[in-house]
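Note sheet for the following structure.
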Amino acid sequence: MSSISSSQRVVSGMRASGKLHLGHYHGVIKNWIELQHEYDCFFFVADLHGLTTHYEDPAIIKASMHDMVIDWLAAGLNPGQATIFVQSHVPQHAELHLNLSMITPLSWLERVPTYKDQQEKLKDKDLGTYGFLGYPLLQSADVLIYRAGLVPVGEDQVPHIELTREIARRFNHIYGREPGYENEAAAAIARMGKKNVKLFNKLQKSYMEQGDQQALEMGKALIESQANLNTEARELLLGFIEGGGKIILPEPEALLTKTPKFPGLDGQKMSKSYDNTITLRDTPTEVDQKVRTMPTDPARVRLTDPGEPTKCPVWDLHKIYSDAGVQDWVQNGCRKASIGCLDCKKPLIDKINAELSPIRELAEELIAKPSVVKNILIEGAERAREVASSTMEDVRDAMGLNY
């Protein structure tokens, strides 16, 4: 295992989707920038994940990957503090994914909330593939291959971390047993009586195969209720029902992060699919044009018509970029019709351009030196492979694949 404690390691990835916009910056990248100063961070381009929905047109991934990494670096990710690489350049991701697929029940993958949600949203794509069904397992491999202790996610991604924990627990239970552990557990279970043995086995199966937390709690209660079990036997069975064993793959924790809904130019969530974005490399003229043409409160047909800021998409951006004084000016001016909509937008244009100016400048430097980005990814992949190789050595040993 790496000399770095797994509790101090953070792993996160992003699909290659081209130039990043302000929603990416405020929702993910700024958090990564803070984490790189506190933890041993691994940030990767999730190109294999991109294939789960774009397998028929992989050129999209190749074309956008370089742009995305440039945006990461220009926004403040530092290759001297974080390991930055491309997922497919570290084949151990795919190897661990395959190994874990041998022990992962289908029911675990089918109950991931985003599985059916994405199928519904992407009806125009043929997603009846194992790759799409198994992408949560690949996510688990992405984390477990580095024995990460923390994974920064929003609340909607917590089920993916829970799945990862269950898979790690199941792997450790199957392959991390000490000699005689199984026999000792079987002997302790037999002392519970035929009826309770049958119930215990049923509850353990429900937990280990389906992640049924209620079954786990019922199993623990059953163990505690057995008067003919001594303390040592109870502790043995409490560990056994949870999948106890040698820790080969540590269970990661979700590092909950604030991922606010960053407003797009039309008031919806900022997204390329809605064509309502400001990218990190938009020129001052482009930012000016996009903000100036944003829709406003429809009640303000004429300059003299009073408006209501809470009904205007521009106000949502003011809540992010403007201080209390400017916000008061906007609210009073809009409601009293003492300022026009273009007046209201001007401070936003200035703030956004001020935020993007250093990012644009560094991005231009990186574009002019493609070898810099290439070398960062090569060096990042080398370090990632070194850590991943250590994990796979232990995994192969545990699974009897070390011949």
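The values are calculated or read from the model by the stated rules, or taken from the named source; none is laboratory data. Note that this is a predicted model, so its numbers are computed, not measured. Using ideal geometry, Cβ is built from the backbone for each residue, glycine included, and neighbour counts are taken over all protein chains shown. In case anyone asks, the SASA skips ligands and DNA or RNA and just uses the protein heavy atoms, side chains included. Shrake-Rupley method; radii C 1.70, N 1.55, O 1.52, S 1.80 Å.
Data for the structure
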{"item": "Residue in segment 29-79 that is surrounded by the fewest Cβ atoms within 10 Å (Cβ to Cβ), counting only those that are of a type in the set (D, E, K, R) and under 22 Å from ALA363 (Cβ atoms)", "result": "LYS62"}
{"item": "Qualifying positions in segment 333-342 - assigned to a helix (DSSP H, G or I), open to solvent by less than 80 Å² (accessible area, probe 1.4 Å) and either free of Cβ contacts under 8 Å to residues at least 24 places away in the same chain or not hydrophobic (A, V, I, L, M, F, W, C) (or both)", "result": "GLY333"}
{"item": "Boolean, ASP142 is buried (at least 21 other Cβ atoms within 10 Å of the Cβ) and among the charged types (D, E, K, R)", "result": "yes"}
{"item": "Among the residues listed as GLU182, GLU224, GLU178, the single one being open to solvent by 70 Å² or more (accessible area, probe 1.4 Å) and within 35 Å of the chain's Cα centre (by Cα)", "result": "GLU178"}
{"item": "Positions within segment 205-233 being within 17 Å of ALA185 (Cα to Cα) and touching a residue at least 40 places away in the same chain (Cβ under 8 Å), in sequence order", "result": "LEU229, ALA233"}
{"item": "For SER206: the one exception among (1) surrounded by fewer than 21 Cβ atoms within 10 Å (Cβ to Cβ); (2) of a type in the set (Gly, Ala, Ser); (3) modelled with pLDDT of 90 or more", "result": "(3)"}
{"item": "Residue under evaluation LEU199, criteria (1) modelled with pLDDT of 85 or more; (2) surrounded by 19 or more Cβ atoms within 10 Å (Cβ to Cβ), criterion not met", "result": "(2)"}
{"item": "Filtered residue count, segment 211-221, keeping only those that are open to solvent by less than 20 Å² (accessible area, probe 1.4 Å) and in a loop (DSSP other than H, G, I, E, B)", "result": "1"}
{"item": "Segment 95-116 residues that are of a type in the set (Ser, Thr, Tyr), paired with ones that are exposed (fewer than 15 other Cβ atoms within 10 Å of the Cβ) (beta carbon under 6 Å, 6 or more apart)", "result": "SER107/GLN210"}
{"item": "Pair list, Cβ < 9 Å and 6+ apart or interchain, from segment 288-303 residues that are within 29 Å of GLU355 (Cα to Cα) to residues that are of a type in the set (Ser, Thr, Tyr) and loosely packed, with under 12 Cβ neighbours inside 10 Å", "result": "ASP297/THR310"}
{"item": "GLY76 being at pLDDT below 95 and small (Gly, Ala, Ser)", "result": "no"}
{"item": "Extreme residue, most open to solvent (accessible area, probe 1.4 Å), among residues of segment 233-284 that are within 23 Å of ALA363 (Cβ to Cβ) and in contact with a Gly (Cβ under 8 Å, 6 or more places away or on another chain)", "result": "LYS272"}
{"item": "Residue count for segment 291-312, restricted to those that are open to solvent by 100 Å² or more (accessible area, probe 1.4 Å) and more than 15 Å from GLN331 (Cβ to Cβ)", "result": "6"}
{"item": "Test: VAL326 is surrounded by fewer than 18 Cβ atoms within 10 Å (Cβ to Cβ), over 18 Å from GLY267 (Cα atoms), among the aliphatic types (A, V, I, L, M) and modelled with pLDDT of 95 or more", "result": "yes"}
{"item": "Residue selected from segment 16-69 under the condition closer than 13 Å to PRO152 by Cβ and without any contact (Cβ under 8 Å) to a residue 60 or more places away in the chain, by the criterion farthest from the chain's Cα centre (by Cα)", "result": "GLU38"}
{"item": "Filter result for the condition that a residue is in a loop (DSSP other than H, G, I, E, B), of a type in the set (D, E, K, R) and in contact with a Lys or Arg (Cβ under 9 Å, 6 or more places away or on another chain), over ASP305, ASP297", "result": "ASP297"}
